[in-house]
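Take a look at the structure set out below.
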Amino acid sequence: MKKLQKLSLIPLLLAGSLSQPIDVQAAEEQGVANLNLQNERGACLITLSGQNPHETEQTLQKELALEEVQERLEALDLAYQELNAEIYQLENEGETSLASAQAQMDVLLEELYDWYWHNDENFPNLHPDEQLQLIEQDEQVQSWQTYLQQIEQLIHERVAERDIIKKDYDQAVYEYENLLSEPLDETSPFDSEYNQCLLYPYSVEHIPAEQILIDQDTLPLENYLVQIDQYLSKLVPQAYRQVRFEDIYASYQRAVAQTADEELIPYEGESAYLTDEAIEKLSFKEKLTLTDVEKQAQRAAKLYQGNRQIELVEDAFLQLIEVKEKQFAYFYEINAASFGKIQDHLVNYLNEHQLNDDASIQQVQQLHRRYQMKLVFLNEDGRWRVNNSYGSGFSEDMSGKDFSLTDDADLALEEVGPKGESGDLDEIAVSLGEEDDDFISKPQARHLDYLKNRLNRPKERTDIKDLPKPKDKDTLAAMASDSSDSSQPKGQGKGSISLPDTGETRIFTYLGLGIIIIGCILLLVNLRLRRKERETKDDIDLL
């Protein structure tokens, strides 16, 4: 049985022998329709890729204003980071830092404390506050305290400068986000085209490569692939992922196996082959479902049942593989730069960490199966390389498939398994161990710690963190939606509205309180009478 050799093979000659004589006018109309679809596909690729030829002057002015504010934000962020570094150095690094001075102060206090403990008989019996007063009179201690105060004052000055920069940065962020969320006065005709193209099942939004941020230091491989998974979930349309290459092969293999033992019956039903127009529609505009695949497979199997020519099944199968590849080419071109960046990062990461063992290969393959695209390939020498074939990479796997009537049908079904079996990448939670503090029970050690805390109290370190980045347009829109939803007070939602109090129940409340008060008074009177009666009986017994 011959193998599939060329994935681009379309059974045009075969279709001519099976169909009725071609109507020239119908063929011309179909050619025009197909050309229109190709033009629409090309227009959508341009539109979704963000290449807007109708940008207005107002849009350009807005972009210039955003760039100006962005430059100011970057300059402020740089100044903020420089002050952060200086504050950190003053607090932690070098012999002149606060941490170094406090450490030397601790050494001095320990030496003085030890000297007084062994040379002054009264010192061990003194209260810790009295010991403190004695030691803080030492000139060296006073000198170190003055030095520590100078460092802290310098740190406070730098923190104050940083606060001013942060205030300016927050104001710039406010301006940037206002500019970003400010609607344009005129609506570009490009918007309607964009929205229409985005409705198609294999369309995705354009994500600039600059927004693909992957941490190359992430370990292990599982956590690294989680980052890529998050981007691919936005770059690869759900409709493409729902029908896998293995699903198509399994459907055709199963359909052929079911008709293997049936008698020869000429097939006169709907064509098992797709027209050029249908292929073009399914490549971007109409959704290919598993039901569609099953129907085409059943038609191909019926065709095979009529003449036992397995090549007809293979040709029909190749058409759907071609459809999948055209779907891939469509959404890949929208974000080609972003896909390329992800592929380059992944190859560099795998080769840098020499991840060519079986476990690593399986994790990469799992990611490939989930999104039905091979980002990278493994060479025979154990080095990874980028998939530069301008294809999904799964078509090559299909080229080795055949439809010979063996146990391969059952095997194919087992390999495919239930839909969605590939599973998800799990993030690894890192648990931090806790260290137990040793408790020093000796009075001498406790008193020394008390002195250190009073004379050399550790300063709380300055919070060193990055400035918050401005929110993007999508985040601002989401926040606006959330704020409108949350403006309604809690408990005032639909189904939980309560009527205002008109005072009609107030009289019953007062009546209930009055009954309770009267009952308490009667109870107290009763208890007092019983007590007097008991005292009278006791007096009689004494007599």
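No value in this document is a laboratory result; all are computed from the given coordinates. Quick caveat: nothing in here was measured; it's all calculated off a predicted structure. Cβ coordinates were reconstructed from backbone atoms using ideal geometry, including for glycine residues, and neighbour counts include every protein chain displayed.
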Over the alpha carbons of region 209-416, what is the largest minus smallest coordinate on each principal axis, giving the biggest first in Å?
-> 63, 36, 23
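Of the peptides 140-147, 84-91, how do they stack up when ordered by the mean number of other Cβ atoms within 10 Å, highest first?
The peptides rank, most packed first, as 84-91, 140-147.
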Please tell me which of these pairs span more than 22 angstrom C-alpha to C-alpha: LYS285/LYS341; LYS285/LYS374; LYS234/LYS295; LYS234/LYS287; LYS166/LYS234?
-> LYS285/LYS341; LYS285/LYS374; LYS234/LYS295; LYS166/LYS234
Note the full-extension length gain between LEU64 and LYS166 as 0.36 nm times their separation in residues minus their Cα-Cα distance, in nm to one decimal.
-> 34.4 nm
Among GLN372, SER399, ALA278, whose Cα lies farthest out toward the positive end of the dipole of region 209-416, if unit charges sit on the beta carbon of Lys, Arg (+1) and Asp, Glu (-1)?
-> ALA278
With only alpha-carbon atoms counted, please give the Rg and Dmax of region 57-186, in Å.
-> 26.1, 90
